[in-house]
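**Q** A single structure is presented below for examination.
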Amino acid sequence: MFNIILFGPPGSGKGTQSEKLIAAYGLKHLSTGDLLRSEIAGATPLGLEAKKFMDRGELVPDEVVIGMISAALDNNPQAKGFLFDGFPRTRAQSEALDQLLTQKHTSIGVVLALEVGEEELVKRLLNRGLTSGRSDDNNETVIRARIVEYHKKTSAVADYYQAFDKVVKIKGEGTVEQIFDALCSEINKRLS
Ligand SMILES: Nc1ncnc2c1ncn2[C@@H]1O[C@H](COP(=O)(O)OP(=O)(O)O)[C@@H](O)[C@H]1O
Ligand SMILES: [Mg+2]
């Protein structure tokens, strides 16, 4: 089993690259953002609670997303590997993920960290907001708040995995294909 964390700020291209990576490597895509948006669409109690945070550009509480990931791992016992997208987003989530994976006798193989400049992120997210229907994409104040949350809480995730020498930085600007090639080359090094 080979598990990957695709890491980076909002708008860095995690969703775009995840689609290509799961197709290329047969991984199970676990995006906490997608899981939460599907809870919101279904108007579940979890979704209604999560929406309050997401609409403000804040992170959903750790216990909520850790519970969702734990269930998703249990529900996919046949997976060849997992691609985590948008999770973990805090140090506590990183520690919880490591515990969950250890229980399943596996671990994170590599953390691929997409790096994109802040103005490019804002530009991409405003542009995504034109079509995504995401309530957190259609206003610059909320977008900036998400980037502040990223620096305040999520950048610690890279530090956490850096201590295990698992982080590889990838330039997240360029064409989708160029970035995909750079990601694949790092994955292939570790598979061979
Ligand atoms: N290499 C790229 N160059 C330009 N725009 C991109 C690139 N990759 C993704 N985008 C666009 O940026 C926005 C955010 O991408 P997305 O994959 O949703 O990011 P994330 O999941 O990290 O928030 C989307 O509108 C997407 O079309
Ligand atoms: Mg995404």
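**Q** What is the local net charge at E173, summed over the other residues whose Cβ is closer than 15 Å to its Cβ (Lys, Arg +1; Asp, Glu -1)?
**A** Once all neighbours under 15 Å are counted, the net charge is -1.
**Q** Also, I was wondering about something else. Please tell me the relative contact order of the chain in percent, rounded to the nearest whole number, where contacts are Cα pairs under 8 Å and at least six residues apart.
**A** This gives 33 percent for the chain.
**Q** Here's a follow-up. Working only with C-alpha atoms, what are the Rg and Dmax values of the chain, expressed in angstrom?
**A** 15.8, 44
**Q** Could you work out the equivalent-ellipsoid semi-axes for the stretch 3-116, taking the square root of 5 times each eigenvalue of the Cα gyration tensor, largest first, in whole Å?
**A** That gives 21, 17, 14 Å for the three semi-axes.
**Q** Sticking with this structure for a sec: At a Förster radius of 22 Å, what calculated FRET efficiency corresponds to the Cβ-Cβ distance of D181 and S107, to the nearest 0.05?
**A** Using R0 = 22 Å, I get an efficiency of 0.30.
**Q** When each pair of different Cα atoms in the stretch 67-115 is counted once in the 1/r mean, what is the Kirkwood radius in angstroms, to one decimal?
**A** With all distinct Cα pairs of the stretch 67-115 included, I get 11.6 Å.
**Q** Determine the dipole magnitude for the stretch 3-191: charges of +1 sit on the beta-carbon of Lys and Arg, -1 on that of Asp and Glu, nothing else is charged, the reference point is the Cα centre, and the result goes in debye to the nearest 20.
**A** 180
**Q** Can you give me the C-alpha center-to-center distance between the stretch 153-192 and the stretch 86-124, rounded to a whole angstrom?
**A** 10
Any read-out appearing in this document is the output of simple, stated calculations on the displayed coordinates, not a laboratory observation. Since this is a predicted model, take the numbers as computed values, not measurements. Note: ideal-geometry Cβ built from the backbone for every residue, glycine included; neighbour counts use all protein chains shown.
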